[in-house]
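Input: a single structure, listed below in structure tokens.
The values are calculated or read from the model by the stated rules, or taken from the named source; none is laboratory data. Fair warning: this is a prediction, and the values are worked out from it, not measured in the lab. Note that each Cβ is placed from the backbone with ideal geometry, even for glycine, and that neighbours are counted across all protein chains shown. Protein only, heavy atoms only, side chains kept; ligands, DNA and RNA dropped before computing areas. Shrake-Rupley method; radii C 1.70, N 1.55, O 1.52, S 1.80 Å.
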Amino acid sequence: MDVSGGRGQPRPGNDESAEHTGPEAQAPGGTGDGPTTPSAPTPADGTDARPEGHTPGPGAPPPERGTPQDTGAAPDDAPAPGQDRHRTPAHTEPVADRPARPSQAPAGRPDHPDHPFAHSGSGKGQPPQRPEERKRGGLLMGRPFGVPVYVAPSWFLVAILITWVFGGQIDRVLPELGAVSYLVSLFFAVAFYASVLVHELAHTLAALRFKLPVRRIQLQFFGGVSEIEKEAETPGREFVLAFVGPLLSLVLAGLFYLGLLAVDPGSVPGVLLAGLMASNLIVAAFNLLPGLPLDGGRMLRAVVWAITGKPMTGTVVAAWVGRALAVCVLIGLPLLTQSGALGSDAVDNVGMDTVLDALLAAILAAIIWTGAGNSLRMARLREHLPELRARTLTRRAVPVESDTPLSEGLRRANAAGARALVVVDADGVPVSLVREAAIVGVPEHRRPWVPVGTLAQDITEGMRVSAELAGEELLDALRATPATEYLVVEETGEIYGVLSAADVERAFVKAMARPS
């Protein structure tokens, strides 16, 4: 039951909100704009009443949680806070959001008397969203263990490349096959990615065993990714979660070797089994390299975490080792290939093969370097995420009845040092929230004739949030019901104030920008 506390009077003192940088919509006398901020998604009600030239408030989704882990996929999307992504053979993480620009409001006191009734901008701010919530991730192939498996469009490009390269090798070993060698090579490409899927399912099953939700598995350009939404609670679990992927790849390589012993190495089955054995050995060895975002980096992080008791220290060590690995791959892989150390003939001149080797090395190095840097940013985010508290981000609000003129409502808000309006019924029970975008869109000379009720959005159950929410619980509550404003209430149902999604997004970006 919701109780408004008398005639809808909010609790005093709930003005501990974070800095606000948006434009101010004041009582008759003038309006002002805050610093420019990133544009935001369209509000849930589909309105956008900004006047021409108005600077929008932030609302662009911040990064998803977590840190990538093993199967080498290109960095084509980003995790949400707390989300782990296991990739084969390399990993990437979301690029951190741009730091928030300095605020013009008194720090920590948006309801300060010198900062009258204000609005964060367009009102288009939305709670931080995962990129996966905005795109499906490719072609859905199935749901093993209840986890959706997607194939990204980039996979088809790699399948064509593998078919072309491996088909030429098969044609040299088995020239009698002719054009059929490319059909066999296509089968190899599919079988290889099936083994990558098994690698990912190992991570998924371990995560489910530890009661960590898995959002999806995606097969991509350089392998696959298991998107685990939360971080392991202990270094031991972190180690196991990372190790099971390479372990399964080694087991598969062993099974393919045993199969190879039972067939003629010069036959089609023999060539396929030999190729699958070698490819799984490469996947396992590459992922065991001790640097983020590879599985070996996650294992190194777990070891340092166990020794120091600080997960952030483990992340820093493993990330910098990952960056060193990226440099080694960039320089060392072409040199090893050209010298013949990897089994091919030494090359004295620069040819097409040398250029392709250098390009491959550059791509792998970029994936590792980017993933290591994003691992650091995601660790910083997890460290600061608990600082997002509904109680400190909430704006003080004043209750008004539906037929109150907008100018009068703004006058009352400014007089009380509040920055939000809650529409209440005759019994003082809150029924709707006046939208910031709608207020900004009303010309000043019309405000005395516009009732606040025409600018309000009805309060649904999901738009009532507890003042005690913080961190991931707060973000999850806002994601469940996307809106621009939320009514914040005490456990008793008493009004605490109004929470703007733009304020939460701004605090989120600020936490990402602050060094650990």
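Using the Cα centre of the range 177-281 as the reference point, and only Cβ charges (+1 on K/R, -1 on D/E), how large is the resulting charge dipole? Debye, rounded to the nearest 20.
Values: 6 positive and 7 negative charges, 38 e Å.
For the range 177-281, the charge dipole is close to 180 debye.
Compute the Cα gyration tensor for the range 256-344, then decide on rounded, prolate or oblate, letting a ≥ b ≥ c be the square roots of its eigenvalues: rounded whenever a/c is under 1.5, prolate when a/b is larger than b/c in the other cases, and oblate in all that remain. Intermediate values should be presented prior to the final figure.
Numbers: a/c = 5.08, a/b = 1.85, b/c = 2.74.
The shape class here is oblate.
Evaluate E = 1/(1 + (r/R0)^6) for K211 and Q169, where r is the Cβ-Cβ distance and R0 equals 41 Å; express this FRET efficiency to the nearest 0.05.
Numbers: r = 45 Å, r/R0 = 1.09.
E(calc), rounded to 0.05, equals 0.35.
What is the percent carbon and sulfur in the accessible area of the range 177-222, measuring with a 1.4 Å probe over the protein chains and ignoring ligands?
78
Sum up the charges of everything whose Cβ sits under 12 Å from the Cβ of W305, counting Lys and Arg as +1 and Asp and Glu as -1, but leave W305 out.
+1
Near the amide H of R395, under 5 Å away, which other amide H atoms are found, from residues 5 or more places off or on another chain, if H is placed in the peptide plane?
HN-HN under 5 Å from R395: V498, L499, S500.
Specify the inter-centroid distance of the range 136-159 and the range 432-488, based on alpha-carbon positions, in whole Å.
Each part's Cα centre sits 37 Å from the other's.
Per residue, how many Å² of accessible area does the range 395-449 show with a 1.4 Å probe?
Details: 2040 Å² over 55 residues.
Accessible surface, normalised per residue, equals 37 Å².
Working with all protein chains in place, sort W155, W449 by solvent-accessible area computed with a 1.4 Å probe, largest first.
Details: W155 35, W449 190 Å².
Largest to smallest exposure gives the sequence W449, W155.
Place +1 on the Cβ of every Lys and Arg and -1 on the Cβ of every Asp and Glu in the range 435-516, take the dipole about the Cα centre, and give the residue among S466, Y496, W449 whose Cα lies farthest towards its positive end.
It is W449.
Ignoring ligands, DNA and RNA, what percent of the 1.4 Å accessible area of the range 367-476 is carbon and sulfur? Spell out each step's value before the answer.
On the way: 2070 of 4060 Å².
Here it works out to 51 percent.
With all protein chains present and a 1.4 Å probe, how do V268, V509 order by accessible area, largest first? Walk me through the intermediate numbers first.
Working: V268 45, V509 10 Å².
The ordering from most to least exposed comes out as V268, V509.
Can you give me the long-range amide H partners of V450? Hydrogens built in the peptide plane at 1.01 Å from N, cutoff under 5 Å, separation of 5 or more residues or another chain.
L406, S407
What is the sum of charges, Lys and Arg at +1 and Asp and Glu at -1, for the other residues whose Cβ falls under 11 Å from the Cβ of P290?
+1
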